[in-house]
Structure formats: C-alpha cells, structure tokens
C-alpha cells in the first residue's frame, strides 16, 4: 500500500508539473497586467472549446492594470514554469468597443483577430515545435494596429493527447494593453471565443504520433497588418 500511495502521489505531482500558465507580461509581476486565470494554482488546461473559459480562462473577476505598448513593438509573456508539451503557440487581440472600459469588458462577440500562429517543421513524419520548453514567448503588435485598449490573448495548444475528441489541452491568458502610436489598419477576420474552434478541427483533433505530414492551425487567418 505504501508503494501504491507513493506512486499515486508521484503521478499527481508529475501531472501538475507538466502543466503551465502565462501569468505575466515579461518584466512585470504575476497577474499585474494579466487577468488571473482559473488555473493560477492548478496550472490545468481548458479542454472544451465550447466553454466560455476558452476566451480568457477567468472567472469574471478582472480589475488588473493596463500596460501601454507602442504599435510596432514586441510584447512578451512569462511562462510558468515552461511550455512542456508539443503544439502550436498562437496570439490574438480584441479591441474594446467604444464606450467600454477594458478593465470590465469580457471580450465577447466577433472581436478577436489572430496576430500569430506557430507552424512546425516536419522531420521524419514528426512535428517539431520551436515553442517547446520556452519560458518566455512574444509577439509583435503590427504598426498599423489602431490605437486603443485591447485584450491580448496568448494560447498554447498541447497536442500530446489530441488524438481523442477534447484531448487537446489549451493553456491561455489575456493581458490588458493600451496600444499607442497606432495606424489605420483594419484587423480581421474577426472571430469569437467560444466559436472560433471546433473540437474536430484538424489542428485540434490530431494524432501527432501517427506519421503526420502537415499541420493546419485552428482559427482564422493571421492578420498581417
């Protein structure tokens, strides 16, 4: 019995340690500019793409600060502890509608556009991801992004169990940023969360160990700015 208990504890600890969060913009305190996610203690993922949690993974409590960034600059997120699983890194943004306070806006509706999607290299029918084991990740805000208040959503999709429906694991956070020195771009296409993904999308339900020869990231096309 002692052996079984010790084994169970070891597996539980290993499971938690293989999970991760995006708790901060680089160089800032945890949850200072990033809305605290429901997994801030467990590090566990979202697995249901139809859940409201697929948007920002929060419980509705916001009230964090808003970081000012200049259009054309790079914004980074801390990963805690690291990205432990293979899969794509993606970034999205959503502009708060006129008259809405970013500190209370929930990001609902067709307001999200994609800034970046990671595509793997393929070596010997296996996918290789540059984000694997990273402790920080970043994205550039296009220079033509209109000035204003935005939610900046970082997402990593772990695909190690994605051969079954709802097996993909989504790790994500939303930061509040204020874009200055912006341009006159028209970001799009716009999608909603939930709504942008289906559980059966080829980039979500996939056997990454089955001789894969291509990978199609889920969601809309990247807005190039």
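Nothing in this text is a laboratory measurement; each read-out follows from the coordinates by a stated rule. All figures in this text were calculated on a predicted structure; none of them were measured in a lab. Heads up, the Cβs are rebuilt from the backbone with ideal geometry, glycines too, and the neighbour counts pull from every protein chain shown.
What to note about this one:
- Residues residue 138 and residue 82, FRET efficiency given R0 of 22 Å [Cβ-Cβ distance, rounded to 0.05]: 0.90
- In percent, rounded to a whole number, the relative contact order of the range 147-225 is 33, using alpha-carbon pairs under 8 Å and six or more apart.
- Annotation: extensible slack from residue 65 through residue 200 equals 45.0 nm (criterion: 0.36 nm per residue apart, minus Cα-Cα distance).
- DSSP assigns beta bridges within the chain; of those with both partners inside it, close to 90 percent run antiparallel.
- Stretchable slack from residue 160 to residue 222, in nm (0.36 nm times residue separation minus alpha-carbon distance): 19.9 nm
- Peptides 195-202, 123-130, ordered by how many other C-beta atoms sit within 10 Å of their residues on average, highest first, read 195-202, 123-130.
- Here the range 18-180 yields Rg over Rh of 0.96, to two decimals, using C-alpha coordinates and the Kirkwood radius.
- Packing-based exposure ordering (other Cβ within 10 Å, fewest first) of 56, 174: 56, 174
- Put in line by how crowded their Cβ is, counting other Cβ atoms within 10 Å and starting with the fewest, 62, 178 read 178, 62.
- At R0 = 30 Å, FRET efficiency that the Cβ-Cβ distance of residue 126 and residue 38 yields, to 0.05: 0.35
- Arranged from fewest to most other beta-carbon atoms within 10 Å of their beta carbon, 30, 149, 101 become 101, 30, 149.
- Degrees, to the nearest 10: 2-17 long Cα axis against longest axis of the chain: 20 degrees
- The range 18-180: relative contact order in percent, alpha carbon pairs under 8 Å with at least 6 residues between: 33 percent
- Stretchable slack from residue 108 to residue 73, in nm (0.36 nm times residue separation minus alpha-carbon distance): 10.0 nm
- As a calculated quantity, the FRET efficiency between residue 181 and residue 18 at R0 = 35 Å, using C-beta atoms, amounts to about 0.30.
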